[in-house]
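Enquirer: Right, I'll just put the structure down here and ask away after.
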Amino acid sequence: MDYTETLDFLFSRLPMYQRIGPAAYKDNLDNTLRLDNYYGNPHRHFKTIHVAGTNGKGSVSHMLAAVFQAAGYKTGLYTSPHLKDFRERIRINGEMISTDEVVEWVDTFRTNNELWKIEPSFFELTVAMAFDYFARRQVDIAIVEVGLGGRLDSTNIITPEVSIITNIGLDHTAILGDSLEKIALEKAGIIKAGVPVVIGTTQTETKPVFDEVAALKLAPLFYADQEYSVAYALTDTDGNQLLSVEKNGETLFSQVKLDLKGMYQQKNLPAVLKTVELLRQMEWEISDESLLRGLAFAKKMTGLQGRWHILGYNPLLVCDTAHNAEGMTEIVSQLNQTPCKKLHIVLGVVNDKDTRRILSLLPPDAEYYFTRADIPRGLDEKGLALLASEYGLNGATFSSVEKAFASARSRADKNDIVFVGGSTFVVAEIL
């Protein structure tokens, strides 16, 4: 197979959650364990950090990877989903796995699987590919982002240096549970015996869950936001955030530069800082200089896209992959703090999200361009517009993201903002 045929096999012939939703979710680790065994248990050949959470886990993973890279470590990074290229999921020192590696690996798997007879999901096979690649390339450490939940996620065969849970929100409720407590219990499944766990955001509903699971596992537990506080200072000429950081009420850094421009990154930073503190206690050599350089160039060093991603100016063109109520709350807050003459919102969602919660948060004085991402789970744009009208959100409908974006750009004045979001897949089509 060539690369295109290989992707067709991965995307079309394997169950893929991003395309078909819960039907692709496996509620056990059987296939993952079999694959791992057949490849010689590669996850045991490198150190890891495991990152779960409803929002922010991708940003935290990329920031940590950049810090390790800045410190001189050969750093693997496994994240999901990808936006434009499948290979975004698997990186070493910011470089994506090569097309040749992907083709050869899948080809070998298909040959071997005639004997193994495993029927893996897309995610199960991708995790196996990543872990095998990291082991063969002898990374010093891999930052591994959980795909969905935690307890039954295919990544949950590792025993990391540190486990991180950023926050808990009501997302994927059909699979993970219909309350913050139930979802927290699934995320807490990544907590391992004796392994330190960092919670990014203290929440009344979820704290008892994490306290109990950590106590049962004898895992040291830390709430990062109770130790570290991050305050917005100012923005440099390139639009990077310059933040002040305190630890236990005392100034730690008077100025931390972030090239990730979303203001919500201020809530993700404490988890990164606490994790680095714990790693230093384990004798990982990460200087303040490496920490600050990694944070300052995280986007550049790791290739992170889609987080308050500025596409252009005059008008300001911004996209963000926030796709649930908690994430959209942060986006609306930043939009409200960004001066503009008029706000244009290109919006598309997938049909298994709590669309009403998202719509209830959006500003009624914006002009809307309702659309649908080109995936089976995409909610019909006309149905979305009808639902949105109940919340006073009005605008036109478009059969494709491209047409919606083009219309918004043509109608926007140079002092306006065009925001694109509602779904990772809408953003992917713009990028």
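Enquirer: What do you get for trypsin sites (Lys or Arg not before Pro) in the stretch 327-431 restricted to DSSP loop and a cutoff of at most 14 other Cβ within 10 Å of the site's Cβ?
Expert: Within the stretch 327-431, the qualifying trypsin sites (Lys or Arg not before Pro) (loop, at most 14 other Cβ atoms within 10 Å) are K341, K414.
Enquirer: Here's a follow-up. Of all DSSP beta bridges in the stretch 63-205, what percent run antiparallel (nearest 5)?
Expert: 40 percent
Enquirer: Along the three principal axes, how long is the stretch 203-259 when you take its alpha carbons, biggest first, rounded to the nearest angstrom?
Expert: Ordered largest first, the stretch 203-259 gives principal extents of 49, 22, 18 Å.
Enquirer: Run through all the Cα pairs of the stretch 319-399 and give the fraction in each 5 Å bin from 0, expressed as whole percent.
Expert: Whole-percent P(r) values from 0 Å outward: 3, 15, 27, 29, 18, 6, 1, 0.
Enquirer: Ok, one more. Can you bin the stretch 146-218 into rounded, prolate or oblate? Criterion: square roots of the alpha carbon gyration tensor eigenvalues sorted a ≥ b ≥ c, rounded for a/c under 1.5, prolate for a/b above b/c, oblate for the rest.
Expert: Oblate shape, in that a/c is at least 1.5 and b/c is the bigger or equal ratio.
Enquirer: Excluding residues on the same chain fewer than 8 positions from K247, give the aspartates and glutamates whose Cα lies under 18 Å from its Cα.
Expert: D225, E227, E277, D288, E289
Enquirer: Charges on Cβ only, +1 for Lys and Arg, -1 for Asp and Glu, centred on the Cα centroid of the chain; of V162, A325, S121, which one is farthest towards the dipole's positive end?
Expert: Of the options given, the answer is A325.
Enquirer: Shifting gears a bit: In a shell of Cβ-Cβ distance under 12 Å around K261, excluding K261 itself, what net charge do Lys and Arg (+1) and Asp and Glu (-1) give?
Expert: Neighbourhood net charge equals -1.
Enquirer: Can you compute the charge dipole magnitude of the chain about its Cα centre, using +1 on each Lys and Arg Cβ and -1 on each Asp and Glu Cβ, nothing else charged? Give it in debye, rounded to the nearest 20.
Expert: On the way: 44 positive and 55 negative charges, 55 e Å.
About 260 debye.
Enquirer: I'd like the antiparallel share, as a percent to the nearest 5, of DSSP beta bridges with both residues in the chain.
Expert: Details: 22 of 57 bridges.
That works out to approximately 40 percent antiparallel.
Enquirer: Over all distinct alpha-carbon pairs, what is the Kirkwood Rh of the stretch 240-387 in angstrom? Please report the intermediate quantities before stating the final value.
Expert: Numbers: mean 1/r = 0.0562 Å⁻¹.
After inverting the pairwise mean of 1/r, the radius is 17.8 Å.
Enquirer: Quick one: accessible area per residue over the chain, 1.4 Å probe, rounded to a whole number of Å²?
Expert: Spelled out: the 1.4 Å probe surface of the chain, per residue, equals 41 Å².
Enquirer: Would you please put 300-307, 222-229, 345-352 in order of how densely packed they are, using the mean number of other Cβ atoms within 10 angstrom per residue and starting with the highest?
Expert: With the highest mean Cβ count within 10 Å placed first, the list reads 345-352, 300-307, 222-229.
Enquirer: Next question. Show me 30-37, 292-299 ranked by packing, highest mean number of other Cβ atoms within 10 Å first.
Expert: The densest-packed peptide leads the list: 292-299, 30-37.
Enquirer: Continuing with this model, one more query. Of the heavy-atom accessible surface of the chain (probe 1.4 angstrom), what whole percent is carbon and sulfur?
Expert: 47 percent
Enquirer: Packing-wise, with mean Cβ within 10 Å as the measure, how do 39-49, 269-279, 146-156, 167-177 rank, highest first?
Expert: Numbers: 39-49: 17.4, 269-279: 24.4, 146-156: 22.7, 167-177: 19.5.
The densest-packed peptide leads the list: 269-279, 146-156, 167-177, 39-49.
Enquirer: Given a 1.4 Å probe and heavy atoms of the protein chains only, how would you sort C319, C340, largest accessible area at the top?
Expert: Largest to smallest exposure gives the sequence C340, C319.
Enquirer: What is the gain in length, in nm to one decimal, between D27 and H45 on full extension, counting 0.36 nm per residue of separation less the C-alpha to C-alpha distance? Before the final figure, lay out each step's value.
Expert: Details: separation 18, 0.36 × 18 = 6.48 nm, distance 2.61 nm.
Value of the extension gain: 3.9 nm.
Enquirer: Longer than 30 Å from Cα to Cα, which of K341/K382; K117/K217; K261/K403 are they? Say none if no pair is.
Expert: Check vs 30 Å cut-off fails for K117/K217.
Enquirer: Okay, which of the stretch 153-172 sit inside 15 Å, backbone N to the point 7 Å along the Cα-Cβ direction of S333?
Expert: 167-169
Enquirer: Under DSSP H, which helices of the chain have Cα atoms covering 18 Å or more of the helix axis and a Kyte-Doolittle average no less than -1.0?
Expert: TM-like helix candidates: 57-70, 99-116, 122-136, 265-281.
Enquirer: A further question follows. What shape does the stretch 69-171 have by the C-alpha gyration tensor, where a ≥ b ≥ c are the square roots of the eigenvalues, rounded means a/c under 1.5, and otherwise prolate means a/b greater than b/c and oblate the rest?
Expert: Cα axes put the stretch 69-171 in the oblate bin.
Enquirer: Considering only L384, H344, F425, whose Cα is most displaced toward the positive end of the charge dipole of the stretch 325-431, charges sitting on Cβ of Lys, Arg (+1) and Asp, Glu (-1)?
Expert: H344
Enquirer: What number results when the radius of gyration of the stretch 110-269, computed over Cα atoms, is divided by 2.2 N^0.38 Å?
Expert: 1.25
Enquirer: Any idea what diffusion coefficient the stretch 176-229 gets from Stokes-Einstein, in µm²/s, Kirkwood Rh on alpha carbon pairs, 37 °C, 0.692 mPa s?
Expert: 291 µm²/s
Enquirer: Across the Cα atoms of the chain, what radius of gyration and what greatest pairwise Cα-Cα distance (Dmax) are found, in Å?
Expert: Computed over the Cα atoms of the chain, radius of gyration and Dmax are 21.2, 63 Å.
The values are calculated or read from the model by the stated rules, or taken from the named source; none is laboratory data. Quick caveat, the model's predicted, so the values are computed rather than measured. For neighbour counting, all protein chains shown are included, and Cβ atoms are generated from backbone atoms with ideal geometry for every residue, glycine included. Each accessible area value is taken on the protein alone, full model and side chains, heavy atoms only, with ligands, DNA and RNA left out. Shrake-Rupley method; radii C 1.70, N 1.55, O 1.52, S 1.80 Å.
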